[in-house]
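Here is the structure we will look at.
The values are calculated or read from the model by the stated rules, or taken from the named source; none is laboratory data. Everything numeric in this text was worked out from a predicted model, so none of it was measured. A quick note on method: Cβ atoms are made from the backbone with ideal geometry, for glycine too, and the neighbour counts reach across all protein chains shown. Just so you know, the surface numbers come from the protein's heavy atoms only, side chains and all, with ligands and any DNA or RNA stripped out. Shrake-Rupley method; radii C 1.70, N 1.55, O 1.52, S 1.80 Å.
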Amino acid sequence: MIGRLAIATIVALIAAEDEKAHDHRHLYTSQAESYCYSGQHACPSYVEANRTCWGYEKNCRKAKRFSQPHCEPPAKPWASNMEEKVERFFDSADFGWVKTIRSEMTTYCKSKGVGGSSLRCGDLLRHCRAINIYFDLRAISFENSRQRFRENVFGDGQVGGDCELDRDALAKQGAHRSALQSWYGELERYTSLPFRPNSLEHCDVILDKRPVIFVKLDAGINMFHHFCDFVNLYVSQHINGTFSTDVDIIMWDTSEMGYGDFFEVTWQAFTRHSPRPIPLSQYKNKRLCIRDALFPLLPRMRLGLYYNMPVVRGCSRSGLFKAFCDHVLRRLDVKQEGPSPLTRVTLLSRGTKFRRILNQDELVSALKTVGEYNVTVVDYDWRTVPFLRQLEITHNSDVFIGMHGAGLAHALFLPDWATLFELYNCEDPNCYNDLSRLRGVNYLTWERRDKMIQQDPGKHPQTGEPHAKFTNYSFDVEEFLRMVDKAVRLVKDRLGRD
C-alpha cells in the first residue's frame, strides 16, 4: 500500500511536471495541444477528422496527418511515382514545409547559462528566434528616411546578447540577403555582449511578451501580397509552437513613413493588444531589450511559400492553407451560413481603370434569370465595405467570380466546396489557379477567346508594350452562363448533390 507521504510526493511531482509543461508549451507541441492552447476552442473540428498531428511532429505517421493532399496522374515530371508526388507537394506546400524549416534551425549564439541569451535561425536567416536580445535603436536615424528596410544600421555591440557567438557560421548565411527574404540585414552584426540585456541598467525598455514578433511587411494595400505576410506568420507560429494572442507585434521599419493597411482587422487573429503592428520608431533613441523575440518567415523568399512558389502540377488541398483559413475565420468570428438551396454566386466588380467587365450589367441580368442562383454583386472597396464584411460575404459564397486581380486572393477564405471562377486570367494563368489549388477549392477561367472582346491591346505603363492586364473586356452572355453552370456543377459535386 502506498503511504500518504508517497501519494503526496507523487501528486507534487505530477503538479510540477504539469507546471513545467505549461511553461514550455510554447515550444514544439502536438497539433491538438497547440490548437487547443491557441484559445480558439476549436479542437473538436480537428479531432473529429481523426487526425492526431499536423504532419511535422517527430512521430506523426502519414495516415494520422491533419491533411491528405490530392494529386492526379501523371507523376512525372515532378516525381517518379504518385506517392512521391504527393510527398513533394506536402513538403513544399503543406505542413512538410514547417518540418523542413524546423530541421534547419541552428544555434548561432549559445547561452552561457540559465537566463542567458541565445540566437537560433533557419538556413539563410529566413526565420529566427532570439532569447534576451538587445537592440540599441539610438543607432538608427528614423527621421526623414524613405527606406523601410535599411541595412547596415547596426554596428558591433548595437545588437546582440550575452551568449557564445559563432560569428563565422553566422556570416555564411547572407546569400539571400534582401528586405523581404531574410533577416540577415538586421542580424548580421549580432554581437556577443559583456552584459545580460535584462535589466534597466542596460535597457531603456524591456518587453516581456512570449514572444514579441517582428514583421517586415509587403504592400498593405494589396490583398495578394499582404496575405503572404499573414500566411508566413501563421507558418512561423507552427515552427515556434505558440498561438497565443498575448503577444506584441512590431513592424520593422527604419523610416517614419505611414503604412496603409486595408486589411488591418486581420491582425486580431494574431494579437489582442493592438489593431496593427507597433512601429519600430515608437522605440527610437531607446535601448530595447526583449525576453523572447520571433523573426518569422518573410513574404518574398526564394522558393518560399505562396509568393511565386513552384506548386506541384496536378496537386491540391494543402492542409496548411485550410488550417490558416480556419484559424483566421474562427478568431475573427466569421460564420458559415450555408450551403443553401440556391447556389450563392458572388461577382466581384472592379472600380479600377483596367480589367473592368464592360457588359457586367448584362451578365448579371442573365444570371438572375436562371432562377437557381442567389446572385450578389460586390465592390470590395475598403472605404465602403470593411474587410471583415468582405470576409463574411466571401466565406458565404459558393461561386466567386472576378477578373484577374488581387481581390481574387479571397480564394483563401472560400468554403471548402466553392469554385473560384477567374473570369479572365489576363495571360497570367498560374497565379490564382495555384492559390485555389493550395486552398483546395475548384478553379475555372474563361475557355474561348473567340467569345470575348478585348477593348484595345492595352499598354504597360512602364514599357509601353501591349499588355492584357491594362485594358477592359466584354464577354459573350451564353458562354458566360455555360461557364457559371460548370462552376455550379463543381460545387454540387463537392457537396454530393445531383
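Overview of results
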{"item": "Segment H460-R313, length gained on full extension (0.36 nm per residue, minus Cα span)", "result": "50.0 nm"}
{"item": "Selection from L165, Y134, A175, by position along the positive dipole direction of the stretch 130-201 (Cβ)", "result": "A175"}
{"item": "Beta bridges by DSSP in the stretch 207-340, antiparallel share as percent, to the nearest 5", "result": "0"}
{"item": "Two-site label geometry, D156 and V114: point separation in nm, points 7 Å out along Cα→Cβ", "result": "3.3"}
{"item": "Cα→Cβ-extended label distance, 7 Å offset, between R138 and A169, nm", "result": "3.2"}
{"item": "The stretch 67-75 - phi-based ³J(HN,Hα) in whole Hz, Karplus 6.51/-1.76/1.60, Gly and Pro as x", "result": "10, 10, x, 10, 10, 9, x, x, 6"}
{"item": "Surface accessible to a 1.4 Å probe, K368 within the full protein complex, Å²", "result": "130"}
{"item": "Residue-span extension gain [Q282 to D246] - 0.36 nm each, minus C-alpha spacing", "result": "11.0 nm"}
{"item": "Set of aspartates and glutamates with alpha-carbon distance to K209 below 18 Å, sequence-local pairs under 8 removed", "result": "D23, D246, D248, D292"}
{"item": "Percent of beta bridges antiparallel (DSSP, the chain, rounded to nearest 5)", "result": "45"}
{"item": "Relative contact order (%) - the chain, alpha-carbon pairs under 8 angstrom, separation at least six", "result": "13"}
{"item": "For q = 0.10, 0.13 Å⁻¹, Debye-computed log10 I/I(0) when each Cα of the stretch 342-487 counts as one equal scatterer", "result": "-0.32, -0.55"}
{"item": "Cα long-axis angle, helix 477-495 against the chain (0 to 90 degrees, to the nearest 10)", "result": "50"}
{"item": "In Å², nearest 10: area of C109 left accessible to a 1.4 Å probe", "result": "0"}
{"item": "Dipole in debye (nearest 20) - the stretch 171-218, about Cα centre, beta carbon charges: Lys, Arg +1; Asp, Glu -1", "result": "200"}
{"item": "Probe 1.4 Å, all protein chains present, accessible-area order of V114, V385, V328, largest first", "result": "V114, V385, V328"}
{"item": "Within the chain, longest stretch free of exposed GluC sites (Glu not before Pro) [DSSP loop, at most 12 other beta carbons within 10 Å]", "result": "202-336"}
{"item": "Trypsin sites (Lys or Arg not before Pro) restricted to the stretch 166-203 and DSSP loop, no more than 13 other C-beta within 10 Å", "result": "K172"}
{"item": "Global form of the chain, assessed from the alpha-carbon gyration tensor, a/c cut-off 1.5", "result": "prolate"}
{"item": "q = 0.10, 0.11, 0.20, 0.22 Å⁻¹: log10 I(q)/I(0) that the Debye formula gives for the stretch 241-337, counting C-alpha atoms only", "result": "-0.39, -0.47, -1.29, -1.39"}
{"item": "Overall form of the stretch 183-286 per C-alpha gyration tensor (a/c, 1.5; a/b vs b/c)", "result": "prolate"}
{"item": "Tilt relative to the chain, helix 4-23 - C-alpha long axis, 0 to 90 degrees, to 10", "result": "60"}
{"item": "Residue among M105, A79, F95 farthest towards the positive dipole end of the stretch 71-112, charges placed on Cβ", "result": "M105"}
{"item": "The stretch 271-413: projected area of the alpha-carbon convex hull, averaged over directions, in nm²", "result": "13.4"}
{"item": "Carbon plus sulfur fraction of accessible area for the chain, probe 1.4 Å, in percent", "result": "50"}
{"item": "Cα-centred dipole magnitude for the chain, charges only on beta-carbon of K, R (+1) and D, E (-1), debye, nearest 20", "result": "560"}
{"item": "Mean shadow area of the stretch 205-253, taken as a quarter of the surface of its Cα convex hull (nm²)", "result": "3.9"}
{"item": "Positive-end residue, the chain charge dipole about Cα centroid, Cβ charges, pick of V334, F66, G116", "result": "G116"}
{"item": "Normalised contact order of the stretch 308-422, rounded percent, pairs of Cα under 8 Å and 6 or more residues apart", "result": "30"}
{"item": "Unit charges on C-beta of K, R, D, E only; dipole of the stretch 150-306, Debye", "result": "160"}
{"item": "Modelled FRET efficiency - R0 41 Å, R489 with S103, Cβ distances, 0.05 increments", "result": "0.45"}
{"item": "Within the chain, helix-based [θ] at 222 nm, where runs of 4 or more DSSP H residues each add -39,500 (n - 2.57), nearest 500", "result": "-8500 deg cm²/dmol"}
{"item": "Potential lengthening between A366 and S145 on full extension [0.36 nm per residue; Cα-Cα distance subtracted]", "result": "74.2 nm"}
{"item": "Whole-number accessible area per residue in Å² for the chain, which is evaluated in the context of all protein chains at 1.4 Å", "result": "45"}
{"item": "Accessible surface, 1.4 Å probe, highest first, among residues H273, H404, H225", "result": "H273, H225, H404"}
{"item": "Solvent-accessible ranking of R210, R439, R146, largest area first, probe 1.4 Å", "result": "R146, R210, R439"}
